[in-house]
Amino acid sequence: MKFKLDNGFIVYERNGIGIPLLFIHGYPLSRRIWKPQMEGLPDAASLISVDLRGHGESYPFEGPYTMDLLADDCKRLLDDLNIKSPIVVCGLSMGGYVAMALIRRYPHILRGVILTSTRSGPDSSEAKRNRDAAIINVREHGVSFIVNNMLPKMVSPMALSSKPKLVDTIHNIMMETSVKGIVGALQRMRDRPDSTPLLSQINYPVLIIHGADDQLISIHEAETMKQQIPDSRLIAIPEAGHLPNLEQPEKFNQAIRVFVQSLA
Ligand code: MLT
């Protein structure tokens, strides 16, 4: 389904009944990463998955995309869907940065938060330099340059060597991202604020899910967030990398199911 936004649109999907649960994907990915959740959890919650601007089937808006802008897009979609009850948000990696912007900007719309494969801190100087180099490279060499560099680190070493179909699916999802989407996201992930001071202020339940073998964001980041969020729980999923929802969907879905039930 399409939601008209400014001079373009964003695409989203819905399935299920219950408390609204909004899934926000990472970079450079799309709502397609949530297929096992959209198909596996319709009895647990009213599921919504969205393609952020410039990603998946959404319109390739001109960047840059601040995390606040992406959070505002999500809020505008929720308003358009007439969702008034408090929601659960589940953000993966960059989607987690967007979830933190939602916490900052719209704390009253949230009932619970799921932070997966993400971190609260800002980019280091080295990470900022890498973002700048990636912007130049994607403009010069296209999306495949980013995909080929990032794909081997997207999943656990185990999945990389033994799950070729899954790796191929992730490759295709990444390749669907527009150059404008990649640049727009890189520019403002680079400049995103430090959300660490926010953590101790969060006053609803938070579930942190992290792949034990995540090579892009270490599990130590998840442990650090757990220590600072008052009502939080961390589930480390073995034999999973940056995309535990795709690598170990049953364990991931079970964690979400239990969390959502605990909010009833
Ligand atoms: C993501 O998966 O969204 C990215 O790895 C996040 C980042 O580059 O900081």
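Name the residues of segment 1-15 whose amide N is less than 12 Å from a point 7 angstrom out from the Cα of Asp79 along the C-beta direction? Counting backbone N atoms under 12 Å from the label point, the list is 6.
Accessible-area rank, largest first, for Glu176, Glu62: Glu62, Glu176, with all protein chains present and a 1.4 angstrom probe.
What is the diffusion coefficient of the chain in µm²/s, taking the Kirkwood radius over Cα pairs and the Stokes-Einstein relation at 4 °C with a viscosity of 1.567 mPa s? Can you show the working numbers first?
On the way: Rh = 18.1 Å.
So the translational diffusion coefficient is about 71 µm²/s.
Each Cα pair under 8 Å and six or more residues apart adds its sequence gap; the mean of these over the residue count of the chain is a relative contact order of 22 percent.
Once you order the gyration tensor axes a ≥ b ≥ c over the Cα atoms, which shape class does segment 123-170 get: rounded for a/c under 1.5, otherwise prolate or oblate by comparing a/b with b/c? It comes out oblate by the Cα gyration axes.
Placing a label point 7 Å from the Cα of Arg105 along the Cα-to-Cβ direction, the residues of segment 1-16 whose backbone N falls under 19 Å of that point are 3-12. A Förster radius of 25 Å combined with the Cβ-Cβ distance from Lys35 to Asp191 puts the calculated FRET efficiency at roughly 0.20. Do any chymotrypsin sites (Phe, Trp or Tyr not before Pro) in segment 25-73 lie in a DSSP loop with no more than 15 other beta carbon atoms within 10 Å, and if so, which? Counting only loop positions with at most 15 other Cβ atoms within 10 Å, none of the chymotrypsin sites (Phe, Trp or Tyr not before Pro) in segment 25-73 qualifies.
Per residue, the average separation of C-alpha pairs within less than 8 Å and at least 6 apart gives segment 1-118 a relative contact order of 28 percent. Here the dipole of the chain is about 280 debye; that uses its Cα centre as origin and unit charges on the Cβ of Lys and Arg (positive) and Asp and Glu (negative).
Residue-normalised convex hull volume from the C-alpha trace of segment 219-264: 69 Å³ per residue. Let a ≥ b ≥ c be the square roots of the eigenvalues of the Cα gyration tensor of segment 153-264; is it rounded (a/c under 1.5), or, if not, prolate (a/b larger than b/c) or oblate? Oblate, since a/c reaches 1.5 and b/c is not below a/b.
Want the number for Leu263 to Ser144: 0.36 nm per residue separation, take away the alpha-carbon distance, what's left?
Working: separation 119, 0.36 × 119 = 42.84 nm, distance 4.14 nm.
Taking Leu263 through Ser144 to full extension adds about 38.7 nm, to one decimal.
The values are calculated or read from the model by the stated rules, or taken from the named source; none is laboratory data. Note that the coordinates shown come from a computational prediction; the quantities given were computed from them, not determined experimentally. Cβ sites come from the backbone with ideal geometry, for glycine too, and all protein chains shown count toward neighbours. SASA here: full protein model, heavy atoms, side chains in, ligands and nucleic acids out. Shrake-Rupley method; radii C 1.70, N 1.55, O 1.52, S 1.80 Å.
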